[in-house]
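Participant: My questions will all concern the structure given below.
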Amino acid sequence: VRVVESGGGMVQAGDSLRLSCATSGPFGRTEALGWFRQAPGKEREFVAAIRWSTGFTWYADSAQGRFNISRDNAKNAVTLLMSSLRPEDTAVYYCARTPNTAAGVTSSRYYNIWGQGTQVTVSA
């Protein structure tokens, strides 16, 4: 099982960008896919997650209201639509998969499958 990100790039502040994460099924009832990001010199931080079976979502405060995570069951893919981007959103964005959301979704330690990351750069 792998996860593969795509869709990063360079945009200006206020623009939107769509990231995609392709993976493979099947999915367990408690599995979720999440997005994390890591800026230079900073720790990896949680952005958003979605439980595959129900579509329930979680967001970091920094993403709430600006980012939207969704899933496409037919394509086994998750999309992160980022709007009103800010320079501080600049980071490498990683997609990851966790087998069980019961322990939590906001810490990277709960995720056991990671993609290679995709760079997002937002200029002022």
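Participant: Just checking, does segment 64-73 include any residue being of a type in the set (D, E, K, R) and either under 23 Å from E31 (Cβ atoms) or touching a residue at least 24 places away in the same chain (Cβ under 8 Å) (or both)? Spell out the reasoning first.
Facilitator: Of segment 64-73, the ones of a type in the set (D, E, K, R) are 66, 71-72.
Within this subset, residues satisfying the condition of being either under 23 Å from E31 (Cβ atoms) or touching a residue at least 24 places away in the same chain (Cβ under 8 Å) (or both) are 71-72.
Yes: segment 64-73 contains one or more residues that are of a type in the set (D, E, K, R) and either under 23 Å from E31 (Cβ atoms) or touching a residue at least 24 places away in the same chain (Cβ under 8 Å) (or both).
Participant: Report, by residue number, each residue of segment 15-38 that is under 14 Å from T90 (Cβ atoms) and either open to solvent by less than 50 Å² (accessible area, probe 1.4 Å) or among the basic types (K, R) (or both).
Facilitator: First pass over segment 15-38, keeping only residues under 14 Å from T90 (Cβ atoms): 15, 17, 19, 37-38.
Correct list: L17, L19, R37.
Participant: Sticking with this one: Just to verify a result, which residue in segment 97-108, among those that are over 13 Å from W35 (Cα atoms) and not β-branched (V, I, T), is surrounded by the fewest Cβ atoms within 10 Å (Cβ to Cβ)?
Facilitator: In the first step, residues of segment 97-108 are kept if they are over 13 Å from W35 (Cα atoms); the result is 99-104.
Still in the list and also not β-branched (V, I, T): 99-100, 102-104.
Numbers: P99: 15, N100: 14, A102: 9, A103: 11, G104: 13.
Ranking the qualifying residues of segment 97-108, first place goes to A102.
Participant: May I pose another question? Return the residue satisfying two criteria in turn: it lies in segment 39-54 and is at pLDDT 95 or above and open to solvent by less than 50 Å² (accessible area, probe 1.4 Å), and of such residues it is farthest from T121 (Cα to Cα).
Facilitator: Across segment 39-54, the extreme among qualifying residues is I50.
Participant: Does any residue in segment 88-115 that is without any contact (Cβ under 8 Å) to a residue 40 or more places away in the chain and farther than 21 Å from S16 by Cβ come within less than 9 Å, Cβ to Cβ, of a residue that is among the polar types (S, T, N, Q) and in a loop (DSSP other than H, G, I, E, B) six or more places away or on a different chain, and which pairs are these?
Facilitator: Close Cβ pairs (under 9 Å, with a partner that is among the polar types (S, T, N, Q) and in a loop (DSSP other than H, G, I, E, B)) amount to Y110/N100.
Participant: Continuing with the same structure: For Q64, are the conditions met, namely being polar (S, T, N, Q), within 23 Å of V1 (Cα to Cα) and open to solvent by 60 Å² or more (accessible area, probe 1.4 Å)? Steps first, please.
Facilitator: Details: polar (S, T, N, Q): yes; within 23 Å of V1 (Cα to Cα): no; open to solvent by 60 Å² or more (accessible area, probe 1.4 Å): yes.
When the stated conditions are applied, Q64 does not pass them.
Participant: To continue, here is another question. Can you name the condition, by its number, that M10 falls short on among (1) open to solvent by 50 Å² or more (accessible area, probe 1.4 Å); (2) in a loop (DSSP other than H, G, I, E, B)?
Facilitator: (2)
Participant: Is one or more of the residues making up segment 80-96 surrounded by fewer than 20 Cβ atoms within 10 Å (Cβ to Cβ) and more than 17 Å from V122 (Cβ to Cβ)?
Facilitator: no
The values are calculated or read from the model by the stated rules, or taken from the named source; none is laboratory data. Source: prediction; values computed, not measured. Glycine also receives a Cβ, built like all others from the backbone with ideal geometry; neighbour counts cover every protein chain displayed. Keep in mind that these areas ignore ligands, DNA and RNA; they rest on the heavy atoms of the full protein, side chains included. Shrake-Rupley method; radii C 1.70, N 1.55, O 1.52, S 1.80 Å.
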